1. Going by the conditions given, is Thr59 modelled with pLDDT of 95 or more, within 21 Å of the chain's Cα centre (by Cα) and within 15 Å of the ligand (Cβ to nearest atom)?
2. Kindly indicate whether Pro224 is on the phi < 0 side of the Ramachandran plot and surrounded by 13 or more Cβ atoms within 10 Å (Cβ to Cβ).
3. Would you confirm, using the coordinates I've provided, whether Arg130 is modelled with pLDDT of 95 or more, more than 13 Å from the ligand (Cβ to nearest atom), part of a helix (DSSP H, G or I) and closer than 12 Å to Ala169 by Cβ?
4. Run down Thr174, Thr196 and say which single residue is more than 16 Å from Leu257 (Cβ to Cβ), touching a helix residue (DSSP H, G or I) at 6+ places or on another chain (Cβ under 9 Å) and of a type in the set (Ser, Thr, Tyr).
5. For segment 71-82, give me each residue that is away from the ligand (no atom under 15 Å from the Cβ) and touching a Leu at 6+ places or on another chain (Cβ under 9 Å).
6. Over 30 Å from Gln6 (Cβ atoms), surrounded by fewer than 17 Cβ atoms within 10 Å (Cβ to Cβ), at pLDDT 95 or above and charged (D, E, K, R), is that true of Glu258?
7. Just to be sure I understand, how many residues within segment 133-183 are more than 13 Å from the ligand (Cβ to nearest atom), farther than 18 Å from Ile75 by Cβ and of a type in the set (Gly, Ala, Ser)?
8. Would segment 272-279 turn up any residue that is touching a helix residue (DSSP H, G or I) at 6+ places or on another chain (Cβ under 6 Å) and surrounded by fewer than 19 Cβ atoms within 10 Å (Cβ to Cβ)?
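The values are calculated or read from the model by the stated rules, or taken from the named source; none is laboratory data. This one's a predicted model, so the numbers in the text were calculated from it and none came from an experiment. Cβ placement follows ideal geometry from the backbone for every residue including glycine, while neighbour counts extend to all protein chains displayed.
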Amino acid sequence: MESQKQHPRVFSFEFFPPKTDQGAESLRATRQRLERLNPAYFSVTFGAGGSTQDRTYETVIDIQQQSCAEAAPHISCIDSTRERLEKMILSYRDQGVKYIVALRGDRPSGSGSSGEGDFRYANELVALIRELTGDHFTIEVGAYPEFHPEAPDAFTDIENFVRKVNAGADSAITQFFYNAEAYYRFVDECEKRGVTIPIIPGIMPLMNYEQQARFAEACKADIPRWLAKRMEAMKEDPQGRLEYGIDVISELCQELLEAGAPGIHFYSLNKAPIVERIWHNLGLSQETGGEVRRPEEIELSV
Ligand SMILES: Cc1cc2nc3c(=O)[nH]c(=O)nc-3n(C[C@H](O)[C@H](O)[C@H](O)COP(=O)(O)OP(=O)(O)OC[C@H]3O[C@@H](n4cnc5c(N)ncnc54)[C@H](O)[C@@H]3O)c2cc1C
């Protein structure tokens, strides 16, 4: 973990673009609450296959214009053309956006997409952003401590991660995980290959366990047996389950930060209260200069 300890710590939140005007309103309220914590940026996911791309753009511009935190659009290259990607990248640059999360993307099932585009892998998108805009953007890429489900094997996957770094990525955010050891070992393997960029743990707080177990299954993130069993056993006690989840995730983040992780990227699922509670437990406002509510002021809705 030595490579990680040298970096300043960065704390950020991820949103998905709302599908309705009501969703947009509620996301704005979430963002205003989380802004008080003073994160480095809010990132906004991007649907490959076109489903929500305009909403991503609108959400990013809204954050960029209205928020004191930076906006970080995700861009995925799968199924897109070079021309379309160039237009999007330049448009973000012209709007003053400074971060991009550069991804290959996943096709939504049933999208009817042909699967053809000008780019196949995220390292090609990173190279395009650098070619077009030089050092303008801080480029984040995805990292997989438990390995990407399509990779032929663990070591090939790490080599493929290194391609993104060599193409010009500044920093990485991991897929969510609940096993700290997987993250430490991934960082060690990267260090052996000379990779020293920040690899920021992507952490998904436990909010809606059944939904998150489905996400985990889809992206092959491991939910440890002890955790799955506890969550299942607390199904009839939603409040207790949320409190337990807050403790588990706070301890995981604490351990990662003590081991030298250069920050945390929270997959917020567009909700503030649980991440606020975790933030409070970690005492992060002292570090970011933000202000967090006291736990008794934060209502957890189940
Ligand atoms: C932080 C984060 C945010 C995300 N946000 C979104 C989002 O907004 N929208 C979305 O659709 N998805 C998102 N995803 C999911 C992501 O798009 C999927 O995990 C996708 O399957 C892989 O994306 P990638 O950028 O990591 O791909 P890549 O790095 O391109 O890797 C994909 C696969 O190809 C292999 N590979 C990579 N490069 C090469 C190469 N040059 N030659 C041969 N094989 C190669 C890798 O080993 C891996 O198995 C996100 C993931 C993370 C971790």
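1. yes
2. Answer is no for this residue.
3. The answer is yes for Arg130.
4. The match here is Thr196.
5. Residue satisfying the conditions is Arg82 alone.
6. When the stated conditions are applied, Glu258 does not pass them.
7. Taking segment 133-183 and keeping what is more than 13 Å from the ligand (Cβ to nearest atom), we get 133-138, 168, 170, 178-182.
Subset that is farther than 18 Å from Ile75 by Cβ: 178-182.
Next cut, of a type in the set (Gly, Ala, Ser) only: 180, 182.
So the count comes out to 2.
8. no
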